[in-house]
Amino acid sequence: MSIGHGRPSLRFTVLPACSLCAGVVAQLLMPWLLPWSASVALLIGALIVGSAALVWRNQRALPVAAFFFGIALCAWHGHDALDQRLPSSMVDRMVTVQGRVDGLPESKSTGVRFILDVDSVLESTPEVSRALMGRRLQVHWWRGGQGMRPGERWQLRLRLRETRPSTNPGSPDRAALLLRSGLDGEAHVDTRTRAVRLGTAEGVDALRDAVSARVDQSVARVDAAGFVKALAVGDTRGISDSDWADLRRFGLTHLIAISGFHVGLVAGLGVVMVRAGWWFFPGLGRHMPRPQAAAIAALLVALAYAALAGFSLPTVRTVLMIAVVAALRWARVATSTSQTLIVAVTVIALVDPLALMAPGFWLSACGVAVLMWSIPGASSAWDWRVFLKAQWVASLGLLPISAFFFSQVPVLGPVANLVGIPWISLVVVPLSLAGVLLDPISHTAGAWAWLLAAGAMDLLWSGLLALPEAWSTLIWTPSSGVAGWVLAFAGVAIVLLPSGLPWRWLGLLLLTPLLIPSSTRPERGELLVRVFDLPQGEALLVQTATRNVLIGAGPEGQSGDPLVGPLLMASGVDQLDLLVVARRAAGHAGASRSVVQAFSPREVWLRPSKRQGADTCAKGQRWEADGVVLEVLHPAADTPLEGNDADCVMRLSNANSAFLLAADSGRWIAARVVREAQHLMQPQWIISGPGGAADWSAAFPKARSTVTRRPGPTAEKRLPEGTLRPDQKGAISLTMTSDGRVAWQGWRSRQSHWWDGNSP
């Protein structure tokens, strides 16, 4: 059937496409992967049923077939991705490999992180060679690799690492990130052996690195030089961690680097150029109609710009969507905007189902859908009223998605985007690209374009940083249950209903569950102890009915923020009643000052030191709330202030049971505490560092043991049998009821996914 001027119409219903995506999402959310044989059988069966439904025009069977086809297709891709992952037998193995550096190496204070495409394995068995050949590894070179350039070939001695899944509430899922990035494993460079550079830099990434160096030479004195490199060639290495933190506060991270939005914008410039050419030279229309030429130009320009970004995943998705639109235009198929979006999303789900794991996919697809839903009849794209409405509509419509993926919502996001989107997209990005195009012709012209781009970005950035910090805070959204997210999406849909319905603003009330944690607080007389899994150091969150206590602050992140901060926010903690720094090592107390600034604890106990005296965290000190008592058993006044024996040992109890928090002190302190605390209730659980776990378990043989961090090889051999480890179970939650019973649960058991861990 045709519409309009005899153009064929696309017969495509919404329900099958949504069913296909729902099937993919269902498999992504399952804790287990559909078996390979079952996925192949289901895939074939869904194809047969779907083909029959199309032939017989059965509108009911087609969505069902599409749903199961999505499950089977995602399972197929999942098995393929897991087969490429390094097997668990390769973990901690030392191998010598040769490979090419892919992408731009990222230099940090701790060393260089880069992607290595392995093309040969030296001095190894055939089994190891088969397991590593052709793999893409995320490699970290500790305190080295500063001279590495993209596209070079290197010979390196690597220690292969385990891919660890999410182990804490609010922490990023490393295994999922590697999976959707197409990376097969992680490794460290062995700094004891000599690394050999085998070849010079070449390829598109080498070109990007050269352009980035030219930008540095041109605008090195301008603070916004890092932003220009990011927008010109997708090089974010010049953006500091503090800048990223500020971008998150302002809600502008999606505008930095070459994003899908910018690829679409540049593709639009290709359309404008074709229209201008066909307007000046009408005879070109005899050789090719203008709409088809514009579609091809948009696709070619988008491909070129995506190449500058190193074909990152957001740009590849956008190019794929533009290719779908170009194909429809070339075939002269009449489609509405909603049909085009549905076709593009369906094509992405068919080509790469794992792309639906990425937040960028949902932000871009849902952002367009929300705008079409709320502003269906915009008369002009340049209408300022439409532009203003689009900003708050997009910010509100994407709020549940941002909260789901990032657990935070920027307060100033809508206002900052109102200024930032047009300024960066229409001023900074064109000037940055003009510099890329002009630099090969004239270095001076290219440098001036980059200087103007840096000046424009610096003007925007200075204005944003001048705003009071209270205006640009982040609202952290604790982990809510499924019902909370469903209510939030329903509330947004109600608010975005057509105007004229005064009650629709009541939908905002349905967003309140996003601010309420899914887990309930303990009752009076009960307590919850959560032992977080940190890369080093330790942090324990103690929650009573109304109070929050943090024992150990953990280390600081690279941006200077405490690593434990997002974990506390995801647990529903926005203020601390007590902070106890039981140890003075950097891994345990390095972030104590940052924690004090972020969470404003009402009271702070510090481990005694020579500078501070021995009366800060001393024997006899006591804190009580909600029927729970925290008391210090050690150190005493005569305790030396050096070594682990000066760490704070505490007892956490209610009326019927107790925990012993033993830090890393050893057997002599354990014997002293047993001797001096015989009149106290014996603890049911001991929470200690791995070094002293064996000594404290021997002192209290009836108590179970939990360690706070990953033990070394020697300490691991001495751990008591049945010891709970956060590095294996995820964050350990110990719940003590008012009658003295204690139950525990590991975070991984609550948040298990089929992509966790290494393939067998």
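The values are calculated or read from the model by the stated rules, or taken from the named source; none is laboratory data. Just so we're clear, the structure is a prediction, and the values are computed from it rather than from any experiment. Methodologically, a virtual Cβ is constructed for each residue, glycine included, from the backbone with ideal geometry; neighbour enumeration extends over all protein chains shown.
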> What do you reckon, is Ser697 at pLDDT 90 or above and among the hydroxyl-bearing types (Ser, Thr, Tyr)?
Replying inline: no
> Scanning the stretch 387-402 for residues that are aliphatic (A, V, I, L, M) and part of a helix (DSSP H, G or I), which turns out nearest to Val492 (Cα to Cα)?
Replying inline: Leu396
>> Based on this model, can you work out whether Leu231 counts as out of contact with any strand residue (DSSP E or B) (no Cβ under 6 Å at 6 or more places or on another chain) and over 17 Å from Pro430 (Cα atoms)?
In response: no
>> Step by step: first the residues of the stretch 199-256, then only those that are touching a residue at least 60 places away in the same chain (Cβ under 8 Å), part of a loop (DSSP other than H, G, I, E, B) and among the charged types (D, E, K, R), then the one that is surrounded by the most Cβ atoms within 10 Å (Cβ to Cβ). Which residue is that?
In response: Asp235
> When you go through Ala488, Ala493, Ala483 one by one, which is the residue that is farther than 14 Å from Ser571 by Cβ, in a helix (DSSP H, G or I), modelled with pLDDT under 75 and in contact with a helix residue (DSSP H, G or I) (Cβ under 9 Å, 6 or more places away or on another chain)?
Replying inline: Ala483
> Any residue at all in the stretch 735-746 that is surrounded by fewer than 22 Cβ atoms within 10 Å (Cβ to Cβ) and within 24 Å of Thr163 (Cα to Cα)?
Replying inline: yes
> Right, Trp461: aromatic (Phe, Trp, Tyr), over 24 Å from Arg248 (Cα atoms) and modelled with pLDDT of 85 or more or not?
Replying inline: no
> If you scan the stretch 656-684, which residues turn out to be closer than 18 Å to Val632 by Cβ and in contact (Cβ under 8 Å) with a residue 60 or more places away in the chain?
Replying inline: Phe659, Leu661, Ala663, Asp664
> Looking at the stretch 698-709, which of its residues are touching a helix residue (DSSP H, G or I) at 6+ places or on another chain (Cβ under 9 Å) and without any contact (Cβ under 8 Å) to a residue 40 or more places away in the chain?
Replying inline: Ala698, Ala699, Arg704, Ser705, Val707
> Which residues, taken from the stretch 27-57, are outside any loop (DSSP other than H, G, I, E, B) and within 25 Å of Ser749 (Cβ to Cβ)?
Replying inline: Gln27, Leu28, Leu29, Ala38
>> Is it the case, given these coordinates, that Ser171 is at pLDDT below 85 and either in the same structural domain as Leu464 (by TED's automatic domain parsing) or over 30 Å from Val427 (Cα atoms) (or both)?
In response: yes
>> Going by what's in this entry, would Phe361 be described as farther than 26 Å from Ala490 by Cβ and within 23 Å of the chain's Cα centre (by Cα)?
In response: no
> Scanning the stretch 556-580 for residues that are modelled with pLDDT of 85 or more and touching a Gly at 6+ places or on another chain (Cβ under 7 Å), which turns out surrounded by the most Cβ atoms within 10 Å (Cβ to Cβ)?
Replying inline: Val564
> Of all residues in the stretch 257-307, which are at negative phi and either in a loop (DSSP other than H, G, I, E, B) or among the polar types (S, T, N, Q) (or both)?
Replying inline: Ile258, Ser259, Phe281, His287, Met288, Pro289, Gln292
> When you go through (1) among the polar types (S, T, N, Q); (2) buried (at least 21 other Cβ atoms within 10 Å of the Cβ); (3) over 23 Å from Leu541 (Cα atoms) one by one for Ser653, which number turns out not to apply?
Replying inline: (3)
> Filtering the stretch 403-460 down to residues that are more than 18 Å from Asp246 (Cα to Cα) and not in a helix (DSSP H, G or I), which residue is nearest to the chain's Cα centre (by Cα)?
Replying inline: Asp439
